[in-house]
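The values are calculated or read from the model by the stated rules, or taken from the named source; none is laboratory data. If you're wondering where the values come from, they're calculated on a predicted model, not measured in any experiment. Because the Cβ atoms are built from the backbone with ideal geometry, glycine has one as well, and the counts that use them run over all protein chains shown. All accessible areas refer to the heavy atoms of the entire protein, side chains included, with ligands and DNA or RNA removed. Shrake-Rupley method; radii C 1.70, N 1.55, O 1.52, S 1.80 Å.
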Amino acid sequence: MSKFFFLSYLFVLSTPVFAQSIDQRVDDLLKKMTLDEKIGQLNQYNGDWEATGPVTKDVEDKMTAIRQGKVGSILNITGVAHTRAFQQAAMDSRLKIPLLFGQDVIHGYSITFPIPLAEAASWDLAAIQQSARVAATEAAAGGVHWTFAPMVDIARDPRWGRIMEGAGEDPYLGACIARARVKGFQGNGLGSLDAVMACAKHFAAYGAAIGGRDYNSVDMSLRTLWEIYLPPFKAALDAGAATFMNSFNDLNGTPATGNSYLLRDILKGQWHFSGFVVSDWGSVGEMIPHGYVSGKEQAAQVALTAGCDMDMESRCYTTSLSTLVQQGKVPVSLIDDAVKRILHKKFELGLFDDPYRFSNADREKATLNKAEHVRAARDMADKSIVLLKNEGHLLPLSTQLRSIALIGPLVHSKKEMKGFWSQDIGALNDVVTLYEGMQQQAGGAQLLYAKGCDITDTSRAGFAEALRVAQQADVVVMAMGERADMTGEAKSKADIHLPGVQEELIKAIQATGKPVVVLLMAGRPMVFNWTAEHIPAILYTWWLGNQAGNAMADVLFGKYNPSGRLPVSFPREIGQIPIYYNHLNTGRPAKDEKDVFYVSAYTDLYNSPRYAFGYGLSYTEFKYSNLALSRKSIHNNETITVTLDVKNTGKYTGEETVQLYLRDVVAQPLRPVKELKDFAKVKLAPGETKKISFTIDKSKLSFYNDKLELITQPGEFQLFIGSASDDIRLQDSFQLVE
Ligand code: NOJ
């Protein structure tokens, strides 16, 4: 081989041939497109049969618009039959550019998994990735190309209904989970028949809505934005997230949809994001009520210029972009860039080679509700449950019980187990209730039942019956909580106490003297002080999805030893919100909970949460020992290896989540009292010890200064190893030297 050919050969080998050929195909196609066809690609319509916002009313027949090449994507249509019909219309268009079908596959498709916040409580990245994998496999088999997930918004405010959709309050845990979910959704890569495009949303800072009120403004320092709110987005991007969705809120006075700092400077600039950005539902047009633009035309101009590539359902792009180009207000090059990003993904998905490749009826039938998907949902649900209290080892329940009273409004509930953002695709009948789960595992014990009260209704008419039933039983298990529509989008609440007269019912049942276990089923942290103080055993079970009843029974009877840890602080009272563990110390920190003498404290309530970030019990106990640091001082480019032993000193096999926190003792600007920097979930048999090892490098010591530069500062770092953010078992310190 001549030198020239050899070098060319090497060049071909080392060039991403696939990517290059897609670029070429995109460019070729773009050259054939009229301006209207280009604008069509930027337009996403709702499929009509579901809406999460006001549907635009101009009655243009969607199929006609698709045939005219005026639509690039449709959301909210699923199933092989539906997607095929819509794709067929796209194939009737001049250039036959296939449609993208997007759907909110948030926690499962046909099989509903636990809500994302519940999954986050598992701290089990492999299981979370698997949950997304199953959802993607089913969704892709149902004709879906694109999920509007993961939601990676940090949330420090449980009044905000969408806290259920994310991974909680911590940027490190949030970033790990964002990565796991993107990998799960996109599997072996776009183009695989079991992969869907992920969408990291909502860019950005949506979780910091003032007062926890959905869609509200966000006002925060850019340092907080970079330090707390952006890391999960960056992690999603690094994991390969194909798309981003911007958020409804304004950030410091600029709506995120028209925010070029977020979209152009950060996402497409500094981060080199090559995928595309979709607006949130109608958010391009919502810049009008925001008061940021005067009408649809300006909305389209501002959004596209800022870097929002696709317009979800506001129709501002489709009605205005052509005029804006003619008026010279929007350069065609901007439109071309947006179109190319979208076409690229359509090519990557293989839709130009076969537009129906995700719409195969046999595959759909064979893939949905597989036994292995059900198993994964149960495994995830087991791992999502958090044991908050277990006085006197009331749990696990003995298998020798003669009778168990199941009391509460959620004992027989199927719908509420699915939670907000679940799909109607799988049969409701497939959801396992608490009652059904208990029936499977109660052995010889007789199950008694009384509803006792409703979720929100304040009638106490059922109390007497519930008391009668409780008195007949050896133990009472109470199923209390929220309806599935009480926490989710547009479901912010000013009062997050356990609703209705449920806590009164708990009090009444406790007064019978029977041992009581309370299961709390909700999408957000609730406030339930009386229960927390008086009930011996409490499990937070969130909304666990299809396998809810089986998972709750697994934990109640000890088939699964609970291992969940709170991904978010649970306040004692609403007045403490926002409450989060990684706060600053202030110049007047309280000495202890009782200290109120001119210190930063509430005079009528402790500062601490009811349950701290990272908290969760097990049926067994773990002892931590032998903390060792490979060195006590490091330079910036060096690492420290941290090792410790964890021993299971109890009677049951169990999983412990060992958490590593750091504190930069003196820094400018200030650093939090504690920051999660690593964790390890480890399974131990009774008596077993395992060595855990963590590595500390510069990335764990750096932070943003006021100029938004990522820096480190020399000095002392405290290192805490804990079982929760407020349960530190071992500690040491080291120096970072110049
Ligand atoms: C509005 C929500 O904010 C967003 O998360 C969702 O993906 C879209 N609606 C589409 O349903």
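Scanning segment 616-646 for residues that are of a type in the set (Ser, Thr, Tyr) and open to solvent by 50 Å² or more (accessible area, probe 1.4 Å) turns up Ser630, Ser633, Thr639, Thr641. Checking Asp280, Asp354, Asp362, Asp336 one by one, the residue that is under 26 Å from Leu190 (Cβ atoms), crowded, with 24+ Cβ neighbours inside 10 Å and charged (D, E, K, R) is Asp280 and no other. Considering segment 172-203 alone, what residues qualify as being under 26 Å from Leu710 (Cα atoms) and open to solvent by 20 Å² or more (accessible area, probe 1.4 Å)? Tyr172, Arg179 - these are the residues of segment 172-203 that are under 26 Å from Leu710 (Cα atoms) and open to solvent by 20 Å² or more (accessible area, probe 1.4 Å). Starting from residues that are more than 17 Å from Leu708 (Cα to Cα) and more than 16 Å from the ligand (Cβ to nearest atom), keep the ones in segment 220-258 and report whichever is surrounded by the fewest Cβ atoms within 10 Å (Cβ to Cβ). Only one residue fits best here, namely Gly253.
For segment 282-314, a residue qualifies if it is in contact with a helix residue (DSSP H, G or I) (Cβ under 8 Å, 6 or more places away or on another chain) and assigned to a loop (DSSP other than H, G, I, E, B), and the qualifying residues are Ser283, Val284, Gly285, Glu286, Tyr292, Val293, Ser294, Gly295, Gly307, Cys308, Asp309, Ser314.
Just so you know, in segment 96-110 the residues that are assigned to a loop (DSSP other than H, G, I, E, B) and under 17 Å from Tyr356 (Cβ atoms) include one that is nearest to the ligand (Cβ to nearest atom), and it is Leu99. Of the candidates Tyr206, Tyr215, the single residue that is open to solvent by less than 10 Å² (accessible area, probe 1.4 Å), at pLDDT 95 or above and within 14 Å of the ligand (Cβ to nearest atom) is Tyr206. Considering every residue within segment 153-166, establish whether at least one is touching a strand residue (DSSP E or B) at 6+ places or on another chain (Cβ under 8 Å), open to solvent by 10 Å² or more (accessible area, probe 1.4 Å) and either in contact (Cβ under 8 Å) with a residue 40 or more places away in the chain or more than 16 Å from Ala200 (Cα to Cα) (or both). No: zero hits. Scanning segment 185-203 for residues that are hydrophobic (A, V, I, L, M, F, W, C) and either more than 16 Å from the ligand (Cβ to nearest atom) or under 17 Å from Gly166 (Cβ atoms) (or both) gives Phe185, Leu190, Leu193, Ala195, Ala198, Cys199, Ala200, Phe203. Would you check if Gly392 is on the phi > 0 side of the Ramachandran plot and surrounded by fewer than 18 Cβ atoms within 10 Å (Cβ to Cβ)? Yes, satisfied. Residues that are more than 23 Å from Ala139 (Cα to Cα), free of Cβ contacts under 8 Å to residues at least 40 places away in the same chain and not acidic (Asp, Glu) are absent from segment 373-393 altogether.
Being in contact (Cβ under 8 Å) with a residue 24 or more places away in the chain and within 16 Å of the ligand (Cβ to nearest atom) holds for only one residue in Asp457, Asp485, and it is Asp485.
Yes/no matrix, rows are residues, columns are (1) over 22 Å from His393 (Cα atoms); (2) open to solvent by less than 10 Å² (accessible area, probe 1.4 Å); (3) touching a Leu at 6+ places or on another chain (Cβ under 6 Å):
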| residue | (1), (2), (3) |
| --- | --- |
| Ala473 | no, yes, yes |
| Ala490 | yes, no, no |
| Ile509 | no, yes, no |
| Gly513 | no, no, no |
